[in-house]
Each structure stands twice: as C-alpha cells, then as structure tokens.
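Working notes for the structure below.
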Amino acid sequence: MRKVMIGILIVCLYGFPYVFYSMYQDFATTSMSGYLLMIGVTSVLAFSCKFFSYSVFIFLGNIVSLLVS
C-alpha cells in the first residue's frame, strides 16, 4: 500500500507544470535559468523513482507531464 501511495505522489509531482513554467520564464525574461529548474526537478523525480524501485511511475509521470503541459 505504501509503495502505491508514494508512486501516486510522484506521478502527481510530475503533473505539476514545471516544464511550462520553465519555458514561460525563458520566453518572458529571455533567461535560461528556468531550464535549470526543469532539469533539477526531472532529475530528482527520476532519481527518487529509481531509488525506491518505481520504474513504472517514471513512464506514467512523463506521460502525465506531457498531457498537462
């Protein structure tokens, strides 16, 4: 049960539109610092999935992120 709850939390965090925010910040301020946020969040979420052995949630999270953005 705990594995499923943590997996759902990770998928929900993938669903936060951080990719859109990063691209919007680049467009609005012509600064590439937003992409550091995107790379950092994606890396942390992927590492946490791999650390807890939730490889399926990496793919589900990326699909959710694509749909939301």
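Under 8 Å for C-alpha pairs, at least 6 residues apart: give me the relative contact order for the range 1-50, rounded to a whole percent. Don't skip to the end; give the middle numbers.
Numbers: 24 pairs, mean separation 16.3, N = 50.
Worked out over the range 1-50, it gives 33 percent.
Apply the Karplus parameterisation 6.51 cos²θ - 1.76 cosθ + 1.60, with θ equal to phi minus 60°, to every residue of the range 13-26 and state each ³J(HN,Hα) to the nearest whole Hz, in sequence, with x for glycine and proline.
Couplings: 5, 5, x, 5, x, 5, 5, 4, 4, 5, 5, 5, 5, 5 Hz.
Roll a 1.4 Å probe over the protein chains and send me the accessible area per residue for the chain in Å².
72
In nm², what is the average projected area of the convex hull enclosing the Cα atoms of the chain? Don't skip to the end; give the middle numbers.
Details: hull surface 16.9 nm².
In nm², the orientation-averaged hull projection of the chain is 4.2.
Give me the percent of accessible area attributable to carbon and sulfur for the chain, probe 1.4 angstrom.
Carbon and sulfur atoms account for 79 percent of the accessible area of the chain.
From the backbone phi of the range 45-53, what are the Karplus-calculated ³J(HN,Hα) couplings (6.51 cos²θ - 1.76 cosθ + 1.60, θ = phi - 60°) in whole Hz, Gly and Pro given as x?
3J(HN,Hα) across the range 45-53, in whole Hz: 5, 5, 5, 5, 5, 5, 5, 8, 6.
The values are calculated or read from the model by the stated rules, or taken from the named source; none is laboratory data. None of these values were measured; they are calculated from a predicted model. These accessible areas exclude ligands, DNA and RNA; they are computed on the full protein's heavy atoms, side chains included. Shrake-Rupley method; radii C 1.70, N 1.55, O 1.52, S 1.80 Å.
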